[in-house]
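Worksheet: one structure, shown below.
Rule-based calculations on the coordinates, nothing more; no lab input. Computed from a predicted structure; not experimentally measured. Positions of Cβ are generated from backbone atoms using ideal geometry, with glycine treated the same way; all protein chains shown enter the neighbour counts.
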Amino acid sequence: MQKIIVPVITPFDTSGKVDTEKLKKHVSNLLEKGVDAIFLAGTTGLGPMLSFREKKEMLDALCGVTQKIIFQIGELNLENVLTLAKEAKDYSIIGVASYPPYYFPNLPERWVLSYYEKIYAAYEHPIYVYNYPLATGFNVTPSVLKQLGENVVKGIKNTMNDLAQSLEYKYLLPKLEVYTGSDTLIVSSFASALDGVVSGAGNYVPHLLVKIRELLKEHKTQDALKVQSLVTKLTQLSKKYGSLSANYVLTEELMGYDVGVPREPIFYLDEQQRFSLKSEIRELIRENELAQSALFR
Ligand code: ELE
């Protein structure tokens, strides 16, 4: 079955420390709602703002809850990345992932290939690639992935609206797991040859993602599209307020418990913004009957 993977938000306390208790609670709730796996320290989890020691601390905390974890270890200090890759070998998690080296423009392809080959050598198992060209500045194209090959790469999460690129990965490397990282392509991912989704919206509406998958299985395409449309609207709402911060408010409102705050300079929404975002969420849900039944079943 195609997978629903959630790039979990990282709960911080107001002093900026990771709150592992809130993280554990949130992850066990997500799994209970039918989520298949957790993507740890991704974009939604503010991965680039975490030290490699904090990432390890989060892995340690979560391992008591689940082993269904893809652990994002990428950063620009390769020594730290390789240390985490070696340490991750001691855990029976799904695997490690990394975005390519970022920020520096025009990196030659061969450097990116060497980066992933080094992680593979340290981890000694095939790894996951996180492709998010808008954020990293580098597109891990199907041809780059093909050069790495199926021995080195186990899967890719592609955060691009270009579904054709995701399909091309799958065509060139049939054994590869291919996930889309886009909240607006959940229906298309499940309805195509891909292996599932890594969806930030899964933090606040995991039940709607499960619902979409169920509806498609029953060939209720129109209903699935209706739920997708609501998920898309919620993510648009999140973007309007600054999604990296608004995700915490959406999760609190729709999951019904406190998930802490982001870490500055991703600033927590002020009281007025939180109030207005929550009102907009409620209005959206009120307007959508199908969503109501899926949300509150
Ligand atoms: C998506 C990002 C992208 C989810 C992660 C994810 O957070 O690690 O706003 O769609 O560009 O890659 O959330 O966000 P948008 O996998």
Based only on other Cβ atoms within 10 Å, what is the fewest-to-most ordering of TYR99, TYR257?
TYR257, TYR99
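For MET160, MET58, what ranking results if the residue with the fewest other Cβ atoms within 10 Å of its Cβ goes first?
On the way: MET160 17, MET58 24.
Going from least to most buried by this count: MET160, MET58.
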Under 12 Å Cα-Cα from LYS17, which aspartates and glutamates qualify once same-chain neighbours fewer than 8 residues away are excluded?
GLU54, GLU57, GLU264
Can you give the longest run of the chain that contains no GluC sites (Glu not before Pro) sitting in a DSSP loop with at most 12 other Cβ atoms inside 10 Å?
1-123
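Would you mind calculating the relative contact order of the stretch 3-219 from Cα pairs under 8 angstrom and at least 6 residues apart, reporting the percent as a whole number?
Details: 390 pairs, mean separation 42.0, N = 217.
Answer for the stretch 3-219 is 19 percent.
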Taking H as built 1.01 Å from N, whose amide H comes closer than 5 Å to the amide H of LYS3, not counting residues under 5 places away?
GLY196, VAL197
Please state the charge dipole magnitude for the stretch 3-219, taken about the Cα centre, from unit charges on C-beta atoms (+1 on K and R, -1 on D and E), reported in debye and rounded to the nearest 20.
180 debye
Formal net charge of residues neighbouring VAL197 (Cβ-Cβ distance under 11 Å; K, R +1; D, E -1):
0
Compute the projected area of the convex hull of the Cα atoms of the stretch 3-219, averaged over all viewing directions, and report it in nm² to one decimal place.
11.4 nm²
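Before rounding to the nearest 500, sum -39500 (n - 2.57) across all DSSP H runs of length at least 4 in the chain and divide by the residue total; then give [θ] at 222 nm in deg cm²/dmol.
Helices in the chain give a 222 nm mean residue ellipticity of -15000 deg cm²/dmol.
Calculate, for PHE275 and GLN222, the FRET efficiency according to 1/(1 + (r/R0)^6) with r their C-beta to C-beta distance and R0 41 Å; round to the nearest 0.05.
Details: r = 35 Å, r/R0 = 0.84.
Approximately 0.75, to the nearest 0.05.
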What is the angle, in °, between the Cα long axis of helix 109-123 and the longest principal axis of the Cα atoms in the chain? Nearest 10 is fine, range 0 to 90.
90 degrees
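Past 26 Å, Cα to Cα, is the threshold; run LYS33/LYS220; LYS175/LYS226; LYS25/LYS68; LYS157/LYS233; LYS33/LYS55; LYS25/LYS278 against it and keep the listed order. Intermediate values should be presented prior to the final figure.
Numbers: LYS33/LYS220 21 Å; LYS175/LYS226 32 Å; LYS25/LYS68 15 Å; LYS157/LYS233 22 Å; LYS33/LYS55 24 Å; LYS25/LYS278 22 Å.
Violating the 26 Å limit, Cα to Cα: LYS175/LYS226.
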Given the pairs LYS3/LYS239; LYS89/LYS146; LYS56/LYS86, which are separated by over 23 angstrom at their Cα positions?
LYS3/LYS239; LYS89/LYS146
Under-5 Å amide H pairs with GLU177, H placed in peptide plane, nonlocal only:
GLY155, ILE156
